[in-house]
1. Averaged across A:298-306, how many Cβ atoms of other chains sit within 10 Å of each residue's Cβ atom?
2. At 20 °C and a viscosity of 1.002 mPa s, what translational diffusion coefficient does Stokes-Einstein give for the protein assembly as shown, taking Rh as the Kirkwood radius over Cα pairs? Give it in µm²/s as a whole number.
3. Given labels modelled 7 Å from the Cα in the Cβ direction, how far is it in nm from residue A:224 to residue A:133?
4. Let me know the mean shielding of B:60-67 by other chains, meaning the per-residue number of their Cβ atoms within 10 Å of its Cβ.
5. Please list B:36-42, A:366-372 highest first by mean number of surrounding beta-carbon atoms within 10 Å per residue.
6. For a footprinting-style exposure proxy, rank A:201, B:200 by other Cβ within 10 Å, fewest first.
7. If one computes P(r) from the Cα atoms of the range B:36-113, what percent of pairs lie at distances over 21 Å?
8. Over the Cα atoms of the range B:142-202, what Rg and Dmax result, in angstrom?
Amino acid sequence: MEDCDDSIACDALRLDCEVCYRAVFEAVPEPVLLVDGQGWIVDANPAAAHLYHRPREAMRGQIVGSLFVDPSVLEGLFENRRGQLPAGIHLRQDGTRFFAEVSVSYIQQRGGSLAILLVRDVTAAREAVIRLEEAEERWRFALEGAGDALWDWALDSGEIKVSGSFRAIIGWPDERPLQGNEIWPERVHRDDLRMAIAAFSAHLADARPITEVEFRLRLEDGSYRWVALRGKVMQRDAGGRPLRMIGTVRDVHEHYLIEEREKRQQQELERAGRLIHVGEMASALAHELNQPLTALRNFSAVALRRLEELGAAGERIREPLKMIAEQSLRAGEIVHRVRGLARKGGLVTAPVALNEVVRDIVRFTEFEARAHAVQFVLDLAEPLPAVQADQGQLEQVLSNLVKNGIDAMRAVPGERILQILTRPGLDGMVEVAVTDRGEGLAEAVRSDPFAPFVTTKPDGVGLGLAICRTIIENHGGRLWVENSTVRGTTFCLCIPSLAG
Amino acid sequence: MKGPLVCVVDDDDAVRLSIGLLVETLGLPVRCFSGALDLMADGEALQNAHCLVLDVRMPGLSGVGLQERLIRLGYSVPIIFVSAHGDVPMVARAMRDGAFDFLQKPFNEQVLLDRVHDAVLLAARRREEAERLTEIQRRLDGLTAREREVMEGMVAGRLNKQIADGLGISMKTVEQHRAKVMEKLQVESLAELVRIVILSERKGLP
């Protein structure tokens, strides 16, 4: 016993160590098993007992293999030391199972080696993966079924896989590996870039459930095509950082062009409408002001002339009266100038096919007509001579008449039909008639439906028809009410044709 | 008030009244109407009107519409249009169809009065001429068939002998017819005769 002192010291040290070790063993939240060389469980910590639903006492002395559905993974546990056992299914006492990963470390003791098994229940994580795979499968299936071009983008590596149909859109011949940024932002049209980036960012930051954006994509030949892109992040890391995104690209070029054109026309129509409104508001105001100004001027002139008869007695009144007469003309000048300003630009005329204008208007107002169960009936004379006109303004007039017609039938219980007829008229004119089956013009507007600021509509200003008439008259034509009875109203307009 | 009548049509009460008072200062009788159809319905006013002052734009029949109807009826009277709008194309058409003038409201009243004055003079002259033509026609209608034949020969510049031979009558008879024609048509010379016949023919009379 020559090293007794040492041995006592060593024992004391070992004891300290063991106390320490035990405290850790008891306290760690991870399930830990101590297994000896023969595969017996020497000890299990409370977390392990909880995980396996077994009392600690019962676990001590048990064969560790009994916790595994497939104990073969334990073979050679001590012979070929491993840091990790293959993930597998573990058994609880009540027969329920869970999926677990096991980390292994080894310690040397006087009685031989012990293995420390750290068990991690990964059932929830694994189910998430399985669910994800299933979801991805469904997603892919749906996309391919829709015939869209697919892409699959690994955000960390930047690599993107695209389907053959996607390559076909761009005009890439081969299967060369690609980086996401070779497509976006690289091939996105400069004017659409901001929108595209916004759409991606919103979804990547999880602010939107999906990326959905249309943009122009540059092809290999340098041209651009409109495409509609949809994409969804399929995988994020624990911090919510997107790892993988897949989606589709659909060529919507033709569709987009048509839509774009219609949208532009619609905007154009509205813009023209607003402009005309300003101009016509000024025009209508000018008329309303010019009338009293005329009377004012005339009355003062009459007064001046009668003053002559009084001779010298009227002298003191003459000057102020003359001022009144002059100022009324001056006011007229101002009104005239304001109207001139509002009219600036004037008519932009070109040969216009009225039948086409009618068809356009029917298309523009179809939604409104459907909403009020109104059916259009067109009776368009073909061929019809073209007219020299400002198409935007004509559209404005016709859409106004059509909308009035639809409004007029709001409360009609019977068939709601709006008929639009075109025909060559007298004196080289072309005529358009818009007939509704409403209950006729209201009393308030019957005597002069075109009078400005008279309306039966709660939200109207009473300028629509006044404006329409001014427009048609500016074209050298006429607008009038052909007929208005309790069974309907017909508005007619005529415009000089190019032939006439 | 006696004299050539001026008719004013405007739907605006104040404008109508003020134009009426204004025209009256010329010493002319004035009739005012608030609508074109009211004037159309007043045959006497139309008969006597020497000038119409029409608003272009009115409910019902417009001023320009009234002008068209009057033209179709073969009724000719100088029309002065007044408008508070800048209805340029409409006015251009009215002018093409023979409107006498167009004034933008508000106007210098002196210009209107001058134009009304001119229009009334024109109408008076036209009426005089028309009356003269009617009178000539009345006299021409008074000729017998034979007298008319002789008159046509005279106007064509033929000698009495040529006329007599052409009609198979004697020179003496031709001379008698000649005297009758001059008397009935109340002309002193052959030149005067030719003038009124040409006048009547230009007017489309037989």
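Only the coordinates and a few stated rules stand behind these numbers; no lab work does. These figures come from a predicted structure and were not determined experimentally. FYI the Cβ positions are ideal-geometry reconstructions off the backbone, even for glycines, and counts take in every protein chain you see.
1. Numbers: counts 15, 6, 2, 9, 10, 1, 2, 7, 2.
For this peptide, the per-residue mean of nearby foreign Cβ atoms is 6.
2. Answer from the Stokes-Einstein relation: 58 µm²/s.
3. In this crude label model, residue A:224 to residue A:133 measures out at 4.3 nm.
4. 1
5. Listed from highest to lowest mean packing, they are B:36-42, A:366-372.
6. On the way: A:201 12, B:200 17.
Lowest count first: A:201, B:200.
7. 23
8. Considering the range B:142-202 through its Cα atoms, Rg and Dmax are 10.8, 32 Å.
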